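Every number in this text was worked out from the coordinates using simple rules, so none of it is lab data. Owing to the predicted nature of the structure, the values given are computational and were not obtained by experimental measurement. Ideal geometry is used to build each Cβ from the backbone, glycine not excepted, and the neighbour counts take in all protein chains shown.
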Amino acid sequence: MLNKGNLLKEELAIRSQLAKLIHRKLFVYGSMVTSERKCGKANCRCQKEGGHISSYLSVRMGKKRKMVFVPQTMVAEVKQWIESYKEINKGIVRITELCIQRLKG
């Protein structure tokens, strides 16, 4: 069991911030990928002006990478989920550093 009396103020603050992030925001480990491709229709604008743009969330599942289509209406929201994960991960890394310092004495 964790005894809060043994934690540094910095660690307590980070843990509190992490709890808020985890409970109040969606988060995902991955990155956004944008793809541009031509559809193949002879009369489509993409044949002359470039391709259709699609966005994907790239996520590693075990040893495989999975690409999940993200509708344009959700791109900004999914990017925020990714940023939330990065913020959570920074907090975990800092707590790990503090635990290592505690082990070294």
**Report entry** Fully extended contour minus Cα-Cα distance, from Ser31 to Leu8, at 0.36 nm per residue
**Finding:** 5.0 nm
Requested in this report: Round to the nearest 10 and give me the degree value, 0 to 90, for the angle of helix 9-24's Cα axis relative to the longest principal axis of the chain.
Outcome: 40
Report task. Report the one residue of Gln17, Ser58, Gln47 whose Cα lies farthest in the direction of the positive end of the charge dipole of segment 15-65 (charges on C-beta: Lys and Arg +1, Asp and Glu -1; origin at the Cα centre). Result -> Gln17
**Report entry** Cα-based helix-to-principal-axis angle, 75-104 vs the chain, degrees rounded to 10
**Finding:** 30
Query raised in the report: Which residues in segment 6-38 place their backbone N less than 11 Å from a point set 7 Å from the Cα of Ala76 along the Cα-to-Cβ direction?
Result: none
Query raised in the report: Once you charge only the Cβ atoms, +1 for Lys and Arg and -1 for Asp and Glu, what is the size of the charge dipole of the chain about its Cα centre, to the nearest 20 debye?
Result: 300
Report summary line: Answer check: the chain, Cα atoms, Kirkwood Rh, Rg/Rh ratio of 1.22
Query raised in the report: For segment 19-65, with only Lys/Arg (+1) and Asp/Glu (-1) charged at the beta-carbon, what is the dipole magnitude about the Cα centre, in debye rounded to 20?
Result: 220
